[in-house]
1. Students often check this: by mean Cβ neighbours within 10 Å, which of 375-381, 336-342 ranks highest, and how do the rest follow?
2. What are the ³J(HN,Hα) values, in whole Hz, obtained from phi via the Karplus relation 6.51 cos²θ - 1.76 cosθ + 1.60 with θ = phi - 60°, for each residue of the stretch 84-95 in sequence order, with x given for Gly and Pro?
3. Just list whichever of Lys77/Lys253; Lys99/Lys262; Lys191/Lys350; Lys214/Lys262; Lys269/Lys337; Lys40/Lys66 have alpha carbons separated by over 25 Å in the model shown.
4. Could you please tell me the mean projected area of the C-alpha convex hull for the stretch 28-156, averaged over all directions and given in square nanometres to one decimal?
5. Beyond 20 Å, what share of the Cα-Cα pairs of the stretch 158-275 remains, rounded to the nearest whole percent?
6. Can you give the Kirkwood hydrodynamic radius of the stretch 93-250 from its Cα pairs, in Å with one decimal?
7. Amide H to amide H, which residues 5 or more places from Ala236 or on other chains are under 5 Å from it, using H placed in the peptide plane?
8. Once phi is turned into ³J(HN,Hα) by the Karplus curve 6.51 cos²θ - 1.76 cosθ + 1.60 with θ = phi - 60°, what whole-Hz value does each residue of the stretch 173-186 show in order, with x for glycine and proline?
Amino acid sequence: MKNTLGKIFLLFILFAVSLFGAGQLATYKLTTNKKSVHIKEPLLITFEAEQKNHTDHMFFSFNVQKSPDYEVKLLQKSIQDKGYHNTKTTFKFVLFPLKAKTLHINFDFIIRTASDKAVKQSYVDDHDDSIAISTYDTKIALKPLTLKVEKFKKHVDLVGDFKISSAIDTNEIEQYGIVNLHYILSGTGYKETALNILKTQIENVSIFSKRKDKLSRLTENGYIINTEYIYALSAADDFTIPSFALEVYSPRKNSYYTLHTKAYKVKVKKIDPALLLDKTNAPKKETWINFTQIKTFFIYILLFLSGFLTAKFTQKNFFSKKQKEEFEDIKEAKTAKELLLLLIMQYPGKGMDEYIANLEENIHQKHPLNLSKIKKEILKKLR
């Protein structure tokens, strides 16, 4: 019992000495812009440390410890040189709580001191412009920040202040043709990376999708977002793209609101099966048989099956193709539309956004393309 009490007393003495030592070295202050927040509502944490002992050079290291209960990002670190051996450093972090509970947020704070000789020697010895200064480090224990996180009164899809717009390239396609639908979400708030605008599948319609972040910049009010959600839809019969509702909570206004997307009707022109039969060996003079559209249909079926099977077998490490074999589909693409579908389905997240956008634009504008050159550029980037 005496040993236990002695250890506790020793720890208390060491902690007190640490705080006393820190107080002699520097002054510091931790503040937040809110006392309580909702889930995914941004919290600004500001930490200021200012040199008090001016004997040596002083550097401050400060971090918010990681936790599955929240996301945290460094917004800004600024250093103010107030004079010789007199520096002030300000750290700003943005924290997004992920669970409705009382959080206890811990920090790491270290004061590093270095003599003039140590600083000078680091410059003399270092020839790569990467300064490695020998420092004396003092780790300071900070009191955890207690934060109450409130739950929403109802389901929400987004947190922040947003607006949404949409555009469709055509309202009429031939069977198994492609209609391109673009949604643009813009505003400030929490960045939902898993958000899907088309929440449900449309019956008898095949949908391919990709996401393009045009802007994603962190501020104390959350991320400034401008994200484009691109969908390619194909079907054999007329279909309607319904209006969808996104439920949103605004921390700035402390209110709930709904974003509505626009509905679109797409007419699908039937292909007469009789026109697909060539009764003679001679080539037809008429140009009204759309072989390209028919070919696109079969390519679409093959790509769909290929993408599905690849996703299944990859989990079992079934495929172990060489790089040359993996890109064979790109080499064999015969049309711009075929190449476009390949990039969307088979190469997501491979840095193909620029090529996808250029192909889409040129296809819609019917501009001539040097397909061979484009494929060479794509293959070079993938390798």
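1. On the way: 375-381: 14.4, 336-342: 21.3.
My ranking of the peptides, most packed first, is 336-342, 375-381.
2. In residue order, the calculated couplings are 5, 6, 9, 10, 10, 10, 10, 10, 10, 10, 10, 10 Hz.
3. Working: Lys77/Lys253 29 Å; Lys99/Lys262 32 Å; Lys191/Lys350 21 Å; Lys214/Lys262 22 Å; Lys269/Lys337 19 Å; Lys40/Lys66 16 Å.
From Lys77/Lys253; Lys99/Lys262; Lys191/Lys350; Lys214/Lys262; Lys269/Lys337; Lys40/Lys66, over 25 Å: Lys77/Lys253; Lys99/Lys262.
4. Numbers: hull surface 38.6 nm².
Mean orientational projected area (the stretch 28-156, Cα hull): 9.6 nm².
5. On the way: 3268 of 6903 pairs.
Tail of the P(r) past 20 Å holds 47 percent of the pairs.
6. Details: mean 1/r = 0.0482 Å⁻¹.
Value: 20.8 Å, from the Cα pair sum.
7. Sorted by chain and number, the residues that satisfy this are Tyr176.
8. Computed from phi, the couplings for the stretch 173-186 are 9, 8, 3, 6, x, 10, 10, 9, 10, 10, 10, 10, 9, 9 Hz.
Taken together, the values in this text are just the output of simple stated rules run on the coordinates, not laboratory data. Remember, predicted model here, so these are calculated numbers, not experimental data. Cβ: placed from backbone, ideal geometry, glycine included. Neighbour counts: every protein chain shown.
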